Amino acid sequence: MFYALMTSLMKGVLLGFCRWKVEGGKRVPASGPVIVVSNHLSMIDPPTLAASLPRRVVFMAKEELFRSKWGWSYRSYGAFPVRRGEPDRKALHHADTTLKQGLALGMFPEGKRSASAQMSSASVGASLIALRSGAMILPVAITGTEKFKGLGVILSRPRITVRIGEPFFLPSTGGRPTKASLSEATDTMMKRVAELLPESYRGAYGNGLAQAIS
């Protein structure tokens, strides 16, 4: 109920104070396990994704959020914590369970918000979960949420676009993934997100991307 309430409120905020547009909504699988991966610009990215997708998303979020005074809200939202920068077996197990239940798992592989609005190098966690589970990946690109700041948003009405790409599967590694294969899989995944972004947002995944697309 809390997730549904907050998602409805976020839709109201986006419609009332922003120029919000969702592209590619029909590409979202109607059911079954899927990992939603996106770039990360703002603290409103998770609720913006939730408002933009036609199915519930269970988000993986940094552990520090759950230790704050607002920790109860993240738990009520259905999110679960992950320790950044180190293996977290509990978080991996929770992610696997979420996917086995046929749910959508939301992840921001960069691990933190971008201060420049450009993509930074991602960790291998999302690709590891995808390879372990065999789940489909849904790439999503967000633009404009970095401009959602303070009361000025009422006057500026930032243009927020959520662009949804074609779902895909990572190629099987044929065994336990190596560091090299995880790195390659992560690059493949993040370039799918970068393809959906304007060039000025692509950052670490912009070099050579135009040639790869053509």
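The values are calculated or read from the model by the stated rules, or taken from the named source; none is laboratory data. Quantities reported herein were computed from a predicted structural model and do not represent experimental measurements. Note that we place each Cβ from the backbone using ideal geometry, even for glycine, and neighbour counts take in every protein chain shown.
Do we have Ser52 as farther than 13 Å from Phe108 by Cβ, surrounded by 14 or more Cβ atoms within 10 Å (Cβ to Cβ) and of a type in the set (Ser, Thr, Tyr) here? Yes, satisfied. Within the range 165-190, if we keep just the residues that are out of contact with any Gly (no Cβ under 9 Å at 6 or more places or on another chain) and of a type in the set (D, E, K, R), the residue that is nearest to Ala115 (Cα to Cα) turns out to be Asp187. Residues in the range 16-41 that are assigned to a helix (DSSP H, G or I) and touching a Gly at 6+ places or on another chain (Cβ under 8 Å): Arg27 only. Residues that are of a type in the set (A, V, I, L, M, F, W, C), part of a helix (DSSP H, G or I) and free of Cβ contacts under 8 Å to residues at least 24 places away in the same chain within the range 42-101 comprise Leu65, Phe66, Trp72, listed in sequence order. Residues that are touching a Pro at 6+ places or on another chain (Cβ under 6 Å), outside any loop (DSSP other than H, G, I, E, B), free of Cβ contacts under 8 Å to residues at least 40 places away in the same chain and more than 16 Å from Leu49 (Cβ to Cβ) do occur in the range 144-160, at least one of them. Among the residues of the range 81-107, those that are surrounded by 17 or more Cβ atoms within 10 Å (Cβ to Cβ), at pLDDT 95 or above and touching a helix residue (DSSP H, G or I) at 6+ places or on another chain (Cβ under 7 Å) comprise Ala95, Leu99, Leu105, Gly106, Met107. Among the criteria (1) within 22 Å of Thr98 (Cα to Cα); (2) free of Cβ contacts under 8 Å to residues at least 24 places away in the same chain, the one Val28 does not fulfil is (2). Of the set (1) out of contact with any helix residue (DSSP H, G or I) (no Cβ under 9 Å at 6 or more places or on another chain); (2) touching a residue at least 12 places away in the same chain (Cβ under 8 Å); (3) hydrophobic (A, V, I, L, M, F, W, C), all apply to Leu138 but (1).
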